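A.B. asks: After the structure tokens below, expect a handful of questions from me.
The values are calculated or read from the model by the stated rules, or taken from the named source; none is laboratory data. Worth saying up front: this structure is predicted, and the values here are computed from it rather than measured. Positions of Cβ are backbone-derived with ideal geometry, glycine not excepted, and every protein chain shown enters the neighbour counts.
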């Protein structure tokens, strides 16, 4: 279908077909905007995922490690460190308050879990939009096609005895709306699946990092980047070699 056919279809269309086309165009722009924003967000988080696994635990202080996560933009790993450091100010000194009766471990779990939930929600934002566009765009396009065919048949019926060429043109032009709906839906579905798959990787890394951070804040032990054991730090959280028995 060439540009002239699409232009002719637009010229012959009414308010319904024009509205459907504008809605589909808006949905396409919205889905591509979400896909690009989430792609850039996940690309930026990829560095933090790798850093949280190894290099973070070789930092001498929490303040030093924070700089590697960056100071701008969305970063749940940085938020976990900041929240964890703040949670160390446990209100046990004020035993008369409700918070003062909460165990430090439970206090840390509560705060880190809240931070995880908040950032997980932000990480999943936009997926509902892509899912909605991917599931509804084909039907909106189909609505435009059905209405376009109905409108075309009304026009053809006024001709009297049209031949096949006179029927095929308007009906074929009406099918453009179905193709437009699929053109909008397919990138949204593919983007949803790709983003959701990568989100699961980031969420797994966030949960693992929060677990290790909880252990460090509670016991003064950190994750050895070369293995999964925890070992105690002395003083201000600097690395010490792990002794292994023969």
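A.B. asks: For the stretch 113-164, which positions are outside any helix (DSSP H, G or I) and either at pLDDT 90 or above or within 41 Å of the chain's Cα centre (by Cα) (or both)? Give the derivation first.
C.D. replies: Of the residues in the stretch 113-164, the ones outside any helix (DSSP H, G or I) are 125-126, 158-163.
Passing the criteria: 125, 126.
A.B. asks: Follow-up question, since we're still on this one. Tell me which residues, restricted to the stretch 38-55, are over 16 Å from residue 119 (Cβ atoms) and modelled with pLDDT of 85 or more.
C.D. replies: Within the stretch 38-55, 39, 40, 43 qualify.
A.B. asks: Name every residue in the stretch 22-43 that is surrounded by 14 or more Cβ atoms within 10 Å (Cβ to Cβ) and over 11 Å from the mean Cα position of the chain (by Cα), in order of residue number.
C.D. replies: As a first pass, look at the stretch 22-43 and keep what is surrounded by 14 or more Cβ atoms within 10 Å (Cβ to Cβ): 23-24, 27-28, 30-32, 34-35, 38-39, 41-42.
Scanning the stretch 22-43 gives 23, 24, 27, 28, 30, 31, 32.
A.B. asks: Which residues, taken from the stretch 139-153, are within 17 Å of residue 183 (Cα to Cα) and either in contact (Cβ under 8 Å) with a residue 60 or more places away in the chain or surrounded by 18 or more Cβ atoms within 10 Å (Cβ to Cβ) (or both)? Don't jump to the end; show me each part of the working.
C.D. replies: Within the stretch 139-153, the subset within 17 Å of residue 183 (Cα to Cα) is 139-145.
Scanning the stretch 139-153 gives 140, 141, 143, 144, 145.
A.B. asks: Taking the residues in the stretch 222-243 that are farther than 15 Å from residue 59 by Cβ and in contact with a helix residue (DSSP H, G or I) (Cβ under 9 Å, 6 or more places away or on another chain) as candidates, determine which candidate is modelled with the lowest pLDDT.
C.D. replies: Ranking the candidates gives 232 first.
A.B. asks: Can you tell me which residues in the stretch 56-78 are modelled with pLDDT under 75 and farther than 18 Å from residue 220 by Cα?
C.D. replies: Once the filter is applied, which keeps residues that are modelled with pLDDT under 75 and farther than 18 Å from residue 220 by Cα, the stretch 56-78 yields 67, 68, 69, 70, 71, 72, 73.
A.B. asks: Got a number for residues in the stretch 43-69 being without any contact (Cβ under 8 Å) to a residue 60 or more places away in the chain and out of contact with any helix residue (DSSP H, G or I) (no Cβ under 7 Å at 6 or more places or on another chain)?
C.D. replies: Residues in the stretch 43-69 being without any contact (Cβ under 8 Å) to a residue 60 or more places away in the chain and out of contact with any helix residue (DSSP H, G or I) (no Cβ under 7 Å at 6 or more places or on another chain): 8 in total.
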